[in-house]
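The values are calculated or read from the model by the stated rules, or taken from the named source; none is laboratory data. If you're wondering where the values come from, they're calculated on a predicted model, not measured in any experiment. Every residue, glycine as well, gets a Cβ built from its backbone with ideal geometry; the counts of neighbours run over all protein chains shown.
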């Protein structure tokens, strides 16, 4: 198996590499006649995330670069070599089949967790495959993911890594009792709000260093 993290890190790469990756991404995207919004929808990230890649403010993870390469019919090696991995960022997954809900939650996550690398998925199989290759410190799951169960996915994720923090984010309050039996550490009803998210983060079973810039409130606040 290729160690993508190792392949992604290039020693001695200057700050100009950020610009090189940004320009390459924009050129490939425009060559495919895709808008930033169009690419973001294919990758299940926000348009602002794509914009931040193209301005050099942020870089995607190695796994995300592979997804970008598939979307743009590009050589993944060329994209990886054009990027320098920034300081390690906590991995956060958002699994929600509903596009509107997913976009709304992603906006809040990017506001409250600016230091996190947030990746979105619409189905459980893709999320599980991603988690097998990339560590996820925090996962937000809809309890009902199409024909699949987010409750089952939670159990599978915790089998992979028992230190993963799982918070259910759902439209179905009636799923709460069963959800608490999965090993999850939180349960939120949609829509996600910054205040509600902050309260849940204070109760993480396995605290994540560097997840937020501001101190989290005490659990009893």
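Key figures for this structure:
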| read-out | value |
| --- | --- |
| Options 45, 63; residue that is within 25 Å of residue 164 (Cβ to Cβ), outside the structural domain of residue 189 (by TED's automatic domain parsing), part of a loop (DSSP other than H, G, I, E, B) and within 14 Å of the chain's Cα centre (by Cα) | 45 |
| Residues located in the stretch 167-182, provided they are surrounded by fewer than 17 Cβ atoms within 10 Å (Cβ to Cβ), in contact with a strand residue (DSSP E or B) (Cβ under 7 Å, 6 or more places away or on another chain) and touching a residue at least 24 places away in the same chain (Cβ under 8 Å) | 172 |
| Per-region count, the stretch 48-60, residues part of a helix (DSSP H, G or I) and under 16 Å from residue 24 (Cβ atoms) | 5 |
| Residues located in the stretch 66-104, provided they are out of contact with any helix residue (DSSP H, G or I) (no Cβ under 7 Å at 6 or more places or on another chain) and assigned to a helix (DSSP H, G or I) | 70, 77, 78, 81, 99, 100, 101, 102, 103, 104 |
| Selection within the stretch 152-166 - surrounded by fewer than 22 Cβ atoms within 10 Å (Cβ to Cβ) and part of a helix (DSSP H, G or I) | 152, 155, 156, 158, 159, 160 |
| Hits in the stretch 105-121 - residues which are assigned to a loop (DSSP other than H, G, I, E, B) and crowded, with 17+ Cβ neighbours inside 10 Å | 113, 116 |
| Selection status of residue 189, within 23 Å of residue 128 (Cβ to Cβ) and either free of Cβ contacts under 8 Å to residues at least 60 places away in the same chain or in contact with a strand residue (DSSP E or B) (Cβ under 6 Å, 6 or more places away or on another chain) (or both) | no |
| Residue selected from the stretch 125-151 under the condition surrounded by fewer than 15 Cβ atoms within 10 Å (Cβ to Cβ) and either at pLDDT 95 or above or outside any helix (DSSP H, G or I) (or both), by the criterion nearest to the chain's Cα centre (by Cα) | 135 |
| Conditions (1) touching a strand residue (DSSP E or B) at 6+ places or on another chain (Cβ under 8 Å); (2) closer than 24 Å to residue 158 by Cβ: number failed by residue 45 | (2) |
| Pairs with Cβ under 7 Å, 6+ apart, first in the stretch 58-77 and without any contact (Cβ under 8 Å) to a residue 40 or more places away in the chain, second in a loop (DSSP other than H, G, I, E, B) and surrounded by fewer than 17 Cβ atoms within 10 Å (Cβ to Cβ) | 69/75 |
